[in-house]
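Working notes for the structure below.
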Amino acid sequence: MAQISTPAPASVVGSFTREAFDAHLARVAHLPPWWLERQRAAYARFAATPMPPRTNEGWRFSNLSTLTLEGFNLPAPVRFDQLAHRELGVTGAGHLVFANNRLVASQPLDASTADAGIIFDTLQNALLKHGDLVKAHLLAQPSKLGSDKFAALHEAFLEDGAFIYVPKGVTATLPVGVFHYASGPGAAVFPHTLVIAEENSKVTVADFFRSDSQPSTLNPQLGERQFAVGGNDLYAGHGAQATYLAMQDWSRETLSFQFNATVARRDAKVLSLNLHAGARQARHESFSQLSAPGAHSEMLALTVAHGAQEFDQRTLQIHQAPNTSSNLLYKNALLDQAKTIFSGLIVVDPDAQKTDAYQSNRNLMLSDEAEANSLPGLEIQANDVRCTHGATSARIDREQEFYLESRGIRAAQAQELLVFGFFEEVLGRIEHQELHDRLTEIIREKFKT
Amino acid sequence: MSQLEIKDLHISIGDKPIVKGLNLTIKPGQVHAIMGPNGTGKSTLAKAIAGHPDYAITGGDVLLDGQSVLAMEPDERARAGLFLAFQYPSEIPGVSIANFLRAAVQARLAEGEELDATGYYKRLYAKMDLLKIDRKFTSRAVNDGFSGGEKKRCEILQMAMLEPKMALMDETDSGLDIDALRIVAEGVNSIRAAANPPGILLITHYQRLLDYIVPDHVHVMWDGRIVKSGDKSLALELEAKGYDWVKQELAPATA
Ligand SMILES: Nc1ncnc2c1ncn2[C@@H]1O[C@H](COP(=O)(O)OP(=O)(O)OP(=O)(O)O)[C@@H](O)[C@H]1O
Ligand SMILES: [Mg+2]
């Protein structure tokens, strides 16, 4: 009798072959050996790890059939003046613009900000000049939410990114902007932004992700098929206040992964807000650690899902110390046949008494064909805590819709207004006017296509 | 100047007929008041004319300036000049009055035409001052957490901004205190005093409002029909005698 055995899942590398990796290594050969060693190890992990299996709880509801590593390339350099969309729309304290993994434009910090000791530079320069800081914080948190393979891929192919360091007691009054472009068919990009806010410092950092693609001939609205695996590390020291905004607006054909890792130390206050607008399939994993008493983390996200887009959001709030608090609010607006997945977990360690944790996923359905999935979860090992979670999905309110229409507002515009109304609770949290306007504009664009 | 004609109108909710053959013509600039007991179909009439999707028109027609509005979407009807001041205005969290009204004004412009923001705010503030609405309200969410009276004033503010040809005002007076009633009435009267005053259908339970906004005609609605019409004195008579009086008058006819 023939023996039935299940073959081990194939470990796929797709376009990210050993040769591609060697080519990457050759380009970063000038970086410190410890870092190159980490990249080699990461590549080995990536190559040895199978694609996520159907049975993996961390991928429940996700469409795995469209997760492919085939058909991408490490793109050739482009110059800033070759990009079709060059308007940045934000005049922060300084900005860095990356395209196809390389720095293409920058505006250094103004003199006073630089005098205060704030460092705003490329990751490559930081690796060369501030190796210890980078070593301590760059990708220092484990991938815990199911994307080990893609996190390893990010670490292996990470070529450059942004480094922001705010020293003790310093306030960066203006936001710092980092722009990441992907340009050309099949372009694979690995953006990264590392933010270190030291004791009692204050900073706002905004990441913008955007495809610089001409609309494809097949479907003028969708743009080119690209691949993005981005990461962000945010470290907030004692009493620091760090605000991080990310605006994901890749082309509608892009496969996107984004990993956020936040560490909040004693009395630190972190606010992160992710806007998800682009990509065909976008997975976002957000991991927030409240590691010392008094730490507070706000995790906010807004998603406008339309067409056949799929947004897959996985979050983890870990309370490791007493008197810590976290507040997660993810709001999705779903149109057409779009699909969202929210899976969130609050973990309270045994000695994290007096934890106050909140988690909420709200879905506004603008179409009967859209699909919103919610998997909220709690894992509490302390006994004196307050943890609440909830998920709701509601059809857009017909009476509200009628009220707006009865004033002459067209149906599509009425829906847009109601979506903005639904988002206002989150949008209202952005104090910086220009960033607020940028976010609003990206959302508005989605109702035009 | 516009005219509204309601012809033998039948309206159902689900399978249930609510309005059962109603006829009414509002000539340009006229004010008609409709009074009638609770549940008689007054709001149904107003909302159906505005195009609410829950109400099925099973017979008859509604013409604005000779054009049937029944095939139009609610937003088209509004842009054609109809306005409904709701008995129970919806609360819309997160959408500010300023943005909401701006969208409504913008919707009336030709495609590609940009709203003149300065002029818009100037006009908005002037109307707010007239209606004694605090300018801070512009940044508040539409009707969200408004008191009953504030909601009604906000309806009139919208009417003043959108300058309809025909306004259906459904119990705009209920929930208003004495001062607010006067302010709202003054607001409506100033709209009436404009160059091209709208026709107004005023649904009310209280004769008091009609002291402020003097109607050209008063109608009594009963079980989905207009059963009695007269001038302002009809409202006074109703106030004195109650609806039982109308019922008794009707008895022989319906027996
Ligand atoms: N959406 C609805 N679904 C079911 N029944 C409804 C609906 N709207 C109204 N009705 C019913 O239709 C009838 C007429 O209601 P309508 O609101 O038009 O009365 P009205 O004359 O405005 O009363 P009031 O003076 O109390 O405002 C009532 O019996 C009411 O319960
Ligand atoms: Mg009513």
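Does the protein assembly as shown classify as rounded, prolate or oblate by the C-alpha gyration tensor (a ≥ b ≥ c root eigenvalues; a/c under 1.5 gives rounded; else a/b over b/c gives prolate, otherwise oblate)?
Details: a/c = 2.45, a/b = 2.26, b/c = 1.08.
It comes out prolate by the Cα gyration axes.
Accessible surface comparison of B:Ile133, A:Ile346, probe 1.4 Å, protein chains only, largest first: the order is B:Ile133, A:Ile346.
Going by accessible area, probe 1.4 Å, with all protein chains left in place, what is the ranking of A:Ser65, B:Ser90, B:Ser147, largest first?
Listed by decreasing accessible area, they come as A:Ser65, B:Ser147, B:Ser90.
Among A:Arg410, A:Arg395, A:Arg314, the largest mean-square fluctuation in a Gaussian network model of chain A (Cα springs under 10 Å) belongs to A:Arg410.
Give me the percent of DSSP beta bridges within chain B that run antiparallel, rounded to the nearest 5.
Details: 25 of 42 bridges.
Beta bridges within chain B, antiparallel portion: roughly 60 percent.
Inter-label distance, B:Asp8 to A:Leu64: 6.6 nm, where each label sits 7 Å from its Cα along the C-beta direction.
The share of C-alpha pairs in the range A:10-292 whose separation exceeds 23 Å stands at 52 percent.
Which value in deg cm²/dmol, rounded to the nearest 500, describes the helix-derived mean residue ellipticity at 222 nm for chain A, given -39,500 (n - 2.57) per DSSP H run of n ≥ 4 and division by the residue count? Working shown, then result.
On the way: 9 runs with 94 residues, N = 449.
Per the formula, -6000 deg cm²/dmol.
Keeping every protein chain present and rolling a 1.4 Å probe, give me the accessible area per residue for the protein assembly as shown in Å².
On the way: 28370 Å² over 704 residues.
Accessible surface, normalised per residue, equals 40 Å².
How much net charge surrounds A:Glu431 when only other residues with a Cβ under 15 Å from its Cβ are counted (Lys, Arg +1; Asp, Glu -1)? Intermediate values should be presented prior to the final figure.
Details: positive: A:Lys202, A:Lys269, A:Arg429, A:Arg438; negative: A:Glu298, A:Glu424, A:Glu425, A:Glu434, A:Asp437.
With Lys, Arg at +1 and Asp, Glu at -1, the net is -1.
Ignoring the sites themselves, chain B has its longest run without GluC sites (Glu not before Pro) in a DSSP loop having at most 13 other Cβ atoms within 10 Å at B:115-255.
Which entries of B:Lys47/B:Lys152; A:Lys135/A:Lys168; A:Lys446/B:Lys151; B:Lys42/B:Lys228; B:Lys7/B:Lys228; B:Lys20/B:Lys232 show an alpha-carbon separation above 21 angstrom in the structure shown? A:Lys446/B:Lys151; B:Lys20/B:Lys232, as the Cα separations exceed 21 Å there.
Averaged across B:157-166, how many Cβ atoms of other chains sit within 10 Å of each residue's Cβ atom?
On the way: counts 0, 2, 1, 0, 1, 2, 0, 2, 0, 0.
Taking the mean over all residues of the peptide, I get 1.
Solvent-accessible area of chain B (1.4 angstrom probe, protein heavy atoms only): carbon and sulfur portion equals 49 percent.
Would you mind counting up the charge near A:Phe402? Only other residues with Cβ under 12 Å from its Cβ, with Lys and Arg at +1 and Asp and Glu at -1.
Values: positive: A:Arg398, A:Arg407, B:Lys47, B:Arg77; negative: A:Asp397, A:Glu399, A:Glu401, A:Glu405, B:Asp54, B:Glu73, B:Asp75.
Here the count lands on -3.
Per-residue shielding of B:86-96, expressed as the average number of other chain Cβ atoms within 10 Å of the residue Cβ, stands at 6. Couplings 3J(HN,Hα) for the range A:77-91, derived from phi with the Karplus relation 6.51 cos²θ - 1.76 cosθ + 1.60 (θ = phi - 60°), are x, 10, 8, 4, 6, 8, 6, 6, 10, 9, 6, 8, x, 9, 10 Hz, where x marks Gly and Pro. In this structure, B:Ala98 and A:Glu19 have a Cβ-Cβ separation that, at R0 = 56 Å, corresponds to a calculated FRET efficiency of about 0.45.
What shape does chain B have by the C-alpha gyration tensor, where a ≥ b ≥ c are the square roots of the eigenvalues, rounded means a/c under 1.5, and otherwise prolate means a/b greater than b/c and oblate the rest? It is prolate, given that a/c is not under 1.5 and a/b is the larger ratio.
222 nm [θ] for chain B, helices only, -39500 (n - 2.57) per DSSP H run of 4+, per residue, to 500?
Details: 9 runs with 99 residues, N = 255.
Helices in chain B give a 222 nm mean residue ellipticity of -12000 deg cm²/dmol.
Assuming 0.36 nm per residue, please report the length gained on full extension of the stretch A:Ala136 to A:Leu36 beyond their Cα-Cα distance. Before the final figure, lay out each step's value.
Details: separation 100, 0.36 × 100 = 36.00 nm, distance 1.54 nm.
Separation in residues times 0.36 nm, less the Cα-Cα distance, equals 34.5 nm.
Ignoring ligands, DNA and RNA, how do A:Lys339, B:Lys247 rank by accessible area with a 1.4 Å probe, largest first? Intermediate results must be reported in sequence, preceding the final value.
Details: A:Lys339 40, B:Lys247 110 Å².
Largest accessible area first, the residues go B:Lys247, A:Lys339.
Take the accessible area of chain A alone and of chain B alone, subtract that of the pair, and you get about 2000 Å² summed over both chains, using a 1.4 Å probe.
Using a Cα-Cα cut-off of under 19 Å, which aspartates and glutamates could be cross-linked to B:Lys165, ignoring same-chain neighbours fewer than 8 residues away? List returned: A:Glu405, B:Glu5, B:Asp61, B:Asp65, B:Glu73, B:Asp75, B:Glu76, B:Glu155, B:Glu186, B:Asp216.
Candidates B:Ala167, B:Ile178, B:Gly148 compared by Cα position along the dipole of the range B:144-217: farthest toward the positive end lies B:Ala167, with charges placed on Cβ. Restricting attention to the protein assembly as shown, close to 20% of DSSP beta bridges with both partner residues there are antiparallel.
Based on C-alpha pairs under 8 angstrom that are at least 6 apart in sequence, chain A has a relative contact order of 10 percent. With a cut-off of 13 Å between beta carbons, the residues surrounding B:Arg79 carry a summed charge of -1, where Lys and Arg count +1 and Asp and Glu -1. For the residues of A:420-428, the average number of beta carbons from a partner chain within 10 Å of their own beta carbon is 3.
A full extension of the chain between B:Tyr206 and B:Ser190 corresponds to an added length of 3.7 nm, given 0.36 nm per residue minus the alpha carbon distance.
The values are calculated or read from the model by the stated rules, or taken from the named source; none is laboratory data. Every value quoted in this text rests on a predicted model; they were computed, and no experiment measured them. Cβ: placed from backbone, ideal geometry, glycine included. Neighbour counts: every protein chain shown. Just the protein is used for accessible areas: all its heavy atoms, side chains included, with ligands, DNA and RNA removed. Shrake-Rupley method; radii C 1.70, N 1.55, O 1.52, S 1.80 Å.
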